[in-house]
Amino acid sequence: MRVLLVDDHDLFRTGLRTLLEEQGIEIVGEAANGEDAVTLVEEHAPDVVLMDLEMPGMGGVDATREIAAVAPLTRVVVLTISDEDADVLNAVVAGACGYLLKDATIQELLRGIKAASVGESLISPSIAAKVLQRVRASSPDVEAAETLLARLSDRELQVLRLIANGNDNAQIAKELFISAKTVKNHISNILLKLSIENRIQAAVYAVRSGLA
């Protein structure tokens, strides 16, 4: 896997680079701010970007949004000290498919990178729960609900509801008596029909609409 590191602290980037290279991961570049990160993504097309949030100039959320627009095949995993609800939600909505705290273990970080590289999401369960709780506290989005009903089949709505309730693919397959491959196909169709990037965004969409 080819990874780009984005963080404004040189010492942290150096330590992270050493740890990841010891695990056989290729580091294609480093950036200290969002502007440089977007430029390097366009130059190197990394599989995964490890993105800090608070940086001088363009921050991590704006950089994530830019990367999602210019390089949709590159996945962004946020690696930050902040577990504030608003930061997590903003990053997820911008297109991040992973959100990890800097006190994560190297094993957790590797799982996040590997999940992102194949288009899956890895967000700490406690953080994901906080995000969805925050979304649930807001008023239902009537337009989002209408979009779901208009675009998704009954089966896709069932799958989306289970995603929003925290079920993984195996649990969804068991619940609906279908194969894991069929679940994956349904999820791909859901993301395509809703024009979103990953399953955590799908969960947010579902909760906003009042589906879950």
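Observations, loosely collected:
- Listed by position, the strands (runs of 3 or more DSSP E) contained in the stretch 1-105 that have at least 1 residues being polar (S, T, N, Q), buried (at least 18 other Cβ atoms within 10 Å of the Cβ) and not assigned by TED's automatic domain parsing to the domain that holds Gln201 are 75-80.
- For Thr74: the one exception among (1) modelled with pLDDT under 90; (2) under 16 Å from Leu40 (Cβ atoms): (1)
- Every pair of residues 6+ apart whose Cβ atoms lie under 9 Å, when the first sits in the stretch 148-167 and is closer than 13 Å to Tyr205 by Cβ while the second is among the charged types (D, E, K, R) and part of a helix (DSSP H, G or I): Leu148/Glu156; Arg151/Lys193; Leu152/Lys193; Glu156/Lys193; Ile163/Arg199
- Identity of the residue in the stretch 1-53, closer than 18 Å to Val118 by Cα and of a type in the set (D, E, K, R), that ends up nearest to the chain's Cα centre (by Cα): Asp47
- Within the stretch 111-157, the set of residues being in contact with a Phe, Trp or Tyr (Cβ under 9 Å, 6 or more places away or on another chain), assigned to a loop (DSSP other than H, G, I, E, B), farther than 18 Å from Tyr99 by Cβ and among the polar types (S, T, N, Q) is empty.
- Within the stretch 184-212, the set of residues being polar (S, T, N, Q) and closer than 18 Å to Glu120 by Cβ comprises Asn185, Ser188, Asn189, Asn198, Gln201.
- Some residue of the stretch 193-212 being part of a helix (DSSP H, G or I), surrounded by fewer than 13 Cβ atoms within 10 Å (Cβ to Cβ) and either touching a His at 6+ places or on another chain (Cβ under 7 Å) or at pLDDT 90 or above (or both): no
Residues checked against (1) under 14 Å from the mean Cα position of the chain (by Cα); (2) not charged (D, E, K, R):
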site: Ile106; (1), (2): no, yes
site: Leu110; (1), (2): no, yes
site: Ala116; (1), (2): yes, yes
site: Ile123; (1), (2): yes, yes
site: Gln133; (1), (2): no, yes
site: Arg136; (1), (2): no, no
site: Ser139; (1), (2): no, yes
site: Gln158; (1), (2): no, yes
site: Arg161; (1), (2): no, no
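The values are calculated or read from the model by the stated rules, or taken from the named source; none is laboratory data. Quick caveat: nothing in here was measured; it's all calculated off a predicted structure. FYI the Cβ positions are ideal-geometry reconstructions off the backbone, even for glycines, and counts take in every protein chain you see.
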